[in-house]
Amino acid sequence: MTTMAEGFRILPGYLDRDGQKSILSLVDTIAQQAPFTRYIMPRTGRPFSIDMTNAGSQGWIADRQSYRYSPVHPVTGRPWPAIPDALLALWRDLTGYGHDPECCLINHYQGDGAKLSLHRDEDEEAKDAPILNISLGDTGIFRLGGPARSDPTRSFPVESGTVMIFAGPSRLYYHGVDRLRVGSSRLLPQGGRLNLTLRRVTVP
C-alpha cells in the first residue's frame, strides 16, 4: 500500500488475475442490461473520449443540461442493474465506511485518445463518504492533484488489478487519466481499460 496524500491509498496488485476476470465478467453482465454510452459534456457540448455505464440505485450521467445522478439509464429508461455483491464486499472490506455505495460508475477507455481531464468528484451529497476505484486492463497514467485545480500534480502508472481509495481530504482532490499504455494488458478481449468507481451519493 502507498499513501500519497492525506486519506488516499493505492493498492497495486490487490486483485489477482482470477479476481480481475471475475469483475470483468460482472461488468459484461451489467453492460448487457445497461449499455455503455458516450456522454456529452454540458459546458462544451463535446463528447467524452470514453464510454460509461453504471450499476446501483443511482447512475452518474452527463448531457447538455448538467452532470448529475439519475435512477435510470438515459437511453433505455430502465433502472440501473444492482451493484454486485462482490463489489459491495470490496467496499466494506477496504473503506471502513458504515453505509453501502449507491453507484458504481464504470468507464471504458479504449485507444490512444482515451483520457479523463483533471476534475474532482463533487456531484454527490455524501462528500464525507470515500470513493473506491478499481482498474482493469491497460495501464492508465493517472494524475493526482490537490484540493484546488491550480495545485501541483503528480502522475503515476496504475496497472490492472490496482485498487485506490479516496477518503478524508483526498476525497475532493483533483485527479484524471492522462492516457493509456495501449496494449499493456490482455485482460479485455477488445483491449482498453475499465475503471470502476464505487460512490455513496446521498447522505445516509
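Read-outs throughout are calculated quantities, based only on the coordinates presented, and are distinct from any laboratory measurement. In this text, all values refer to a predicted model and were calculated from it rather than measured experimentally. Methodologically, a virtual Cβ is constructed for each residue, glycine included, from the backbone with ideal geometry; neighbour enumeration extends over all protein chains shown.
Points worth noting:
- Remark: spin-label model distance Glu6-Ala86 equals 3.7 nm, labels positioned 7 Å along the Cα→Cβ axis.
- Cleavage-rule hits, trypsin sites (Lys or Arg not before Pro), segment 34-80, DSSP coil, Cβ neighbours within 10 Å at most 14: Arg38, Arg43, Arg64
- Candidates Met41, Met164, Met52, ranked by Gaussian network fluctuation over the chain, Cα under 10 Å, top entry: Met41
- Karplus-derived HN-Hα couplings along segment 72-83 (A = 6.51, B = -1.76, C = 1.60, θ = phi - 60°), whole Hz, x at Gly and Pro: 10, 5, x, 9, 7, x, 9, x, 5, x, 5, 5
- Order of Thr44, Thr153 - criterion: other Cβ atoms within 10 Å of each residue's Cβ, fewest first: Thr44, Thr153
- Of Trp80, Tyr67, Thr53, farthest towards positive along the dipole that unit charges on Lys, Arg, Asp, Glu beta carbons give segment 1-88: Tyr67
- Estimated FRET transfer efficiency (Thr153, Glu125; beta-carbon r; R0 22 Å; 0.05): 0.25
- Using a Förster distance of 41 Å, the FRET efficiency for Tyr67-Lys21 (Cβ separation, nearest 0.05): 0.80
- Built amide H within the under 5 Å cut-off of Ser185, gap 5+: Asp138, Thr139
- Dipole magnitude (debye, nearest 20) for the chain, charges at Cβ of Lys, Arg, Asp, Glu: 540 debye
- Excluding exposed DSSP-loop GluC sites (Glu not before Pro) (at most 13 other C-beta within 10 Å), longest clean stretch of the chain: 7-121
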